[in-house]
Each structure stands twice: as structure tokens, then as C-alpha cells.
1. Just a yes or no: is a residue in segment 135-151 within 16 Å of the ligand (Cβ to nearest atom) and not in a loop (DSSP other than H, G, I, E, B)?
2. Is it true that Gly157 is more than 19 Å from Val207 (Cβ to Cβ) and modelled with pLDDT under 95?
3. Please go through (1) within 15 Å of Thr35 (Cα to Cα); (2) more than 16 Å from the ligand (Cβ to nearest atom) for Tyr209 and return the number of the only condition it doesn't satisfy.
4. With respect to the numbered conditions (1) within 16 Å of the ligand (Cβ to nearest atom); (2) modelled with pLDDT of 95 or more, which one is the sole condition not fulfilled by Ile100?
5. Need pairs with beta-carbon distance below 9 Å; first residue in a helix (DSSP H, G or I) and within segment 83-111, second small (Gly, Ala, Ser) and surrounded by fewer than 24 Cβ atoms within 10 Å (Cβ to Cβ); sequence gap 6+ or separate chains.
6. Return yes or no: is Asn188 under 29 Å from Leu120 (Cβ atoms), touching a residue at least 60 places away in the same chain (Cβ under 8 Å), assigned by TED's automatic domain parsing to the domain that holds Ala296 and surrounded by fewer than 16 Cβ atoms within 10 Å (Cβ to Cβ)?
7. So which residues in segment 394-408 are of a type outside the set (A, V, I, L, M) and either within 20 Å of the chain's Cα centre (by Cα) or more than 19 Å from Gly69 (Cβ to Cβ) (or both)?
8. Just name the residue that is surrounded by the fewest Cβ atoms within 10 Å (Cβ to Cβ) out of those in segment 131-147 that are within 17 Å of Ser79 (Cα to Cα) and hydrophobic (A, V, I, L, M, F, W, C).
Amino acid sequence: MYKLTFLFLLVSSFIFAQTNSKSDQKKPNLIVIMTDDMGWADVGFNGCKDIPTPNIDVIANEGVRFEEGYVSFPVCGPSRAGFLTGRYQDRFGFTTNPSINPKNSKSGLPVEEETLAQVLRKADYNNAIIGKWHMGTNAVFHPLERGFDYFYGFLSGGHNYYPDQLTLNDLSEVKEKWQWYRTKIIENRTKVETDDYLTDELSDAAVRYINKQAENNQHFMLYLAYNAPHTPLQATEKYLSRFPNIKDKRRKTYAAMVSAVDDGVGRVLEALREKELDENTIVVFLSDNGGAHNNASDNGPLRGLKGDLFEGGIRVPFAMRWKGMIPEGKSYEKPVSSLDIMATIVAQTEVKINADRPLDGVNLIPFLTGEADGTPHDYLFWRKWEQNAMAIRSGNHKLVSNRQQVKNPPELYDLSNDMAETKNLKSDEEKVYKRLLNEWKKWDSEMKDRVFPTLGQDKWWTKKN
Ligand code: CA
């Protein structure tokens with residue numbers, strides 16, 4: 001009897017230990033691949049014809065394609081601040097692209113806000129950002145101060161792609177606007193010499209990072225923030241030669257830049273497969289805002305461009321894969337937001353969010369599996385504080401004033417039959433109009449004014465303070 005009890009204890013403690021280490025292993029990794037200024041119609045899964053993106057399409061084909069996937073702002077900086085905190089960036093006054101000024105300790109993601117990386121660190125994740133940071137250049141904003149364990153990339157909002165153009169040692173050598181595109185790449189806190197096309201450098205770093213985490217049996221979050229296909233339009237012959245049929249030189253270069261990203265995505269997915277991590281890794285692909293006026297991108301039927309609160313500025317190519325957990329090859333029709341990425345991964349851990357800073361995003365998994373019906377968001381909100389512009393989405397309706405509400409009163413559209421926002425329903429649907437405007441005003445009253453100078457306008461700040 002004694003022997004049996006002992007055996008039972010031994011077996012059960014063995015099982016317990018197994019379950020424990022298994023549940024530990026089961027914390028899913030997260031890879032967020034974010035492109036820069038890519039058009040809604042520039043991926044195969046949204047119908048792109050002239051630029052094949054077979055690897056990016058794998059994410060949608062083996063997972064979910066979001067038909068109405070939004071970001072929280074139509075330009076780089078604020079959109080990324082929203083994604084990285086899971087909160088509307090206007091809650092903390094990140095209303096514009098911050099000035100690139102290493103001496104300014106206000107121009108960046110306020111340190112009081114918790115980033116995705118800081119939160120996941122509490123669940124023992126290793127966190128990396130590879131690529132574009134854009135959340136401030138002062139030392140207090142450095143990725144390694146904001147929850148990341150590894151950084152390979154650049155601090156400013158864009159970069160040149162050819163290695164021989166990266167001639168400045170660091171931001172202290174910048175003498176005029178845009179020279180920050182020419183600084184050397186940084187690994188953690190040290191500049192490194194690179195010899196490859198930047199997009200390939202970033203893909204290499206991503207694969208190295210994944211392999212290292214796999215070898216250490218370490219769960220991780222990788223934010224792979226390609227600056228492609230943001231300007232300057234620069235591509236190498238290797239990628240340009242894939243597009244002999246595109247006559248327009250700018251579109252051809254843009255296509256080559258997207259193709260380089262697609263190769264990188266393929267290598268990331270291959271690394272996951274090789275290390276047998278593809279079942280336990282959530283992979284998200286999206287652009288930080290819609291296609292821009294200056295990079296030959298294509299927003300398809302959507303109205304407007306980067307910078308606009310029309311769909312072309314804020315609706316982006318967006319897909320998510322989690323093998324075995326969410327359906328394969330599904331199109332999800334209800335609106336989702338980049339803010340949801342943080343809420344989704346946090347829900348897979350036992351980490352508690354700071355009660356003073358609740359998330360605006362929601363965990364999407366139950367909606368994708370069908371466990372929850374209904375819609376993830378009753379309302380989605382946007383604001384451009386500088387231009388007094390607004391937008392709100394509820395059901396199929398969207399109310400939008402793209403510039404100066406005083407001069408351009410909000411227009412009401414039904415996106416279910418008018419995704420191009422052409423037919424203003426304001427006079428037909430007074431009730432909906434009023435309800436949406438009131439909801440937006442309520443939300444707006446919780447938001448903060450800008451807390452730092454915008455890119456290139458530090459004088460504004462000096463005068464005000
Ligand atoms: Ca952008």
C-alpha cells in the first residue's frame with residue numbers, strides 16, 4: 001500500500017511537472033510585421049495583380065484576413081503609439097509625428113504609458129523591435145528603456161535603404177531636416193556597419209532573433225517594423241528585375257520594395273517552420289497607415305491617402321495567423337483595429353493591465369473562433385487634433401470630417417454599400433448622424449491635446465512654453 005501511494009505521488013508529481021512546463025511553453029509567441037505606407041490594395045490577399053506577395057498571403061490563407069482592418073491614425077508615429085500601447089494615442093497627447101530631436105525629452109511615447117513589451121515582460125517574454133522605432137529619439141524613449149530586450153534598426157521615422165548612404169554616425173551629426181535618414185543602423189545601443197539593402201538587413205536580423213529564441217526555448221514577441229515601402233523609393237536590381245512588365249518607374253521601384261518585404265516574410269515563416277514554432281506563434285501582418293501620395297502605392301477603391309481619415313488613410317492590409325487556434329482562410333468582415341493586437345496577446349497570458357490605463361482594444365480570438373458573436377467594437381474613433389478632423393465608425397456607418405469640422409461639417413456614409421465614401425447620407429439619416437457625433441464628442445472630451453512639438457516645428461513648442 002505504502003509503495004502504491006509512493007508510486008501514485010511520484011507519477012502525479014511527474015504529470016504535474018509536465019503540465020506546468022507545458023503550460024509555460026504554451027504561451028504563444030507574437031510576431032507583428034508592420035510595413036510603412038503600404039496601400040490597402042498592394043497585397044495579393046486584397047486583390048493586387050501587379051505585385052505578387054505569395055509569402056504575405058500565406059498569413060491570410062492560413063489564418064484570417066481582416067476586410068475592415070483599421071489603424072488608429074493615418075500617419076506613422078501616432079499609429080504606432082496606438083499599436084504599442086493598445087490605447088488611443090490621443091489619450092496621452094501623441095497627436096502627431098514627434099520632432100526628431102534627441103535633446104527633447106517630451107517628443108516621444110510618454111514614459112508613463114506601458115508598452116506591449118513592458119507588459120509582456122511581466123509574463124517572461126523576450127521582446128525585440130527590428131526596424132523603425134519612431135517613438136522618440138531622446139535617451140528616455142530608447143526601445144531598451146521601453147520593455148524591449150533587443151533593438152536592431154533606427155530611431156527616426158524613415159531611412160535610406162542603400163548601405164553606402166548611411167554615412168552619419170548618429171543623430172548628433174544631423175545638420176538639417178531629413179538627414180536623420182542617413183544614420184548608421186543601431187544594434188541595441190551601438191552603431192553597426194551594414195553592407196546590405198536595408199530591408200534584407202532587417203529580415204536577416206529577424207531570422208537570427210527567432211533562431212536564438214528557439215535555441216533558448218524562450219517565448220518571445222518580435223515587432224518587425226519594416227520601413228519599406230515608405231520613401232525614398234530605393235530598390236536593388238535583384239528585386240527590380242522581377243518586374244519587367246511594370247513600365248512606370250516609380251511603381252516598379254515600389255513593387256520591388258514590397259517584393260523584398262515579401263521575401264523577408266517568407267524567411268520569417270520558414271524560420272518558424274524549421275524550429276517547429278509555427279503552431280505556437282501568432283503572426284500578424286499590417287501596414288501602419290494607408291498608401292501615401294508619394295510612394296506609388298494603391299489603395300484600390302478606397303477614398304483618400306495617408307494623412308486622411310477617409311478609408312484610404314486608415315484601412316490597411318491586415319491579416320493574422322494562429323495555426324490550430326483560429327480558422328484558416330477566413331475573411332472576417334467586422335471592423336477590427338491595430339489596438340486589438342495588444343489586448344489579444346495579453347489575454348493569452350495572466351498579466352494584469354494597469355487599471356489607470358485600460359486598453360481600448362479587445363481580444364479578437366473569441367470573435368475569430370466564433371465563440372463570441374456580436375462585434376468587437378461598438379465604436380471606433382479617430383481624431384486629428386491639429387486639423388480639427390474627426391471620424392467615428394459604428395456598424396456600417398461612418399461619420400467623417402477629414403479637415404476642419406467648422407468649414408467641412410462631418411459627412412455620413414454607409415460603408416456596406418459605399419466603401420468609396422461617395423454618397424453623403426447626412427440629410428437622410430439625421431438620427432444616426434446625431435448619435436455618432438455625440439458619441440465622438442464624448443470620446444473626444446477624454447482625449448488630451450498635443451504634448452510635444454511636431455516633426456520640423458520645434459518653434460511652435462518654444463513659443464507655447
Ligand atoms: Ca507610415
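1. So the first thing to find is which residues in segment 135-151 are within 16 Å of the ligand (Cβ to nearest atom), and the list is 135.
Applying the additional criterion that residues be not in a loop (DSSP other than H, G, I, E, B) yields none.
No, segment 135-151 contains no residue that is within 16 Å of the ligand (Cβ to nearest atom) and not in a loop (DSSP other than H, G, I, E, B).
2. On the way: more than 19 Å from Val207 (Cβ to Cβ): yes; modelled with pLDDT under 95: yes.
It is true that Gly157 is more than 19 Å from Val207 (Cβ to Cβ) and modelled with pLDDT under 95.
3. (1)
4. The number of the failed condition is (2).
5. Between residues of segment 83-111 that are in a helix (DSSP H, G or I) and residues that are small (Gly, Ala, Ser) and surrounded by fewer than 24 Cβ atoms within 10 Å (Cβ to Cβ), the close pairs are Leu84/Ala117.
6. Working: under 29 Å from Leu120 (Cβ atoms): yes; touching a residue at least 60 places away in the same chain (Cβ under 8 Å): no; assigned by TED's automatic domain parsing to the domain that holds Ala296: yes; surrounded by fewer than 16 Cβ atoms within 10 Å (Cβ to Cβ): yes.
Judged against the criteria, Asn188 is not a match.
7. Within segment 394-408, the first condition is being of a type outside the set (A, V, I, L, M), and the residues that meet it are 394-398, 401-405, 407-408.
Result: Ser401, Asn402, Arg403, Gln404, Gln405, Lys407, Asn408.
8. Checking each candidate, the answer is Phe141.
The values are calculated or read from the model by the stated rules, or taken from the named source; none is laboratory data. Note that the structure is predicted; figures quoted are calculated from it, not measured. Neighbour counts run over all protein chains shown; Cβ positions are idealised from the backbone, glycine included.
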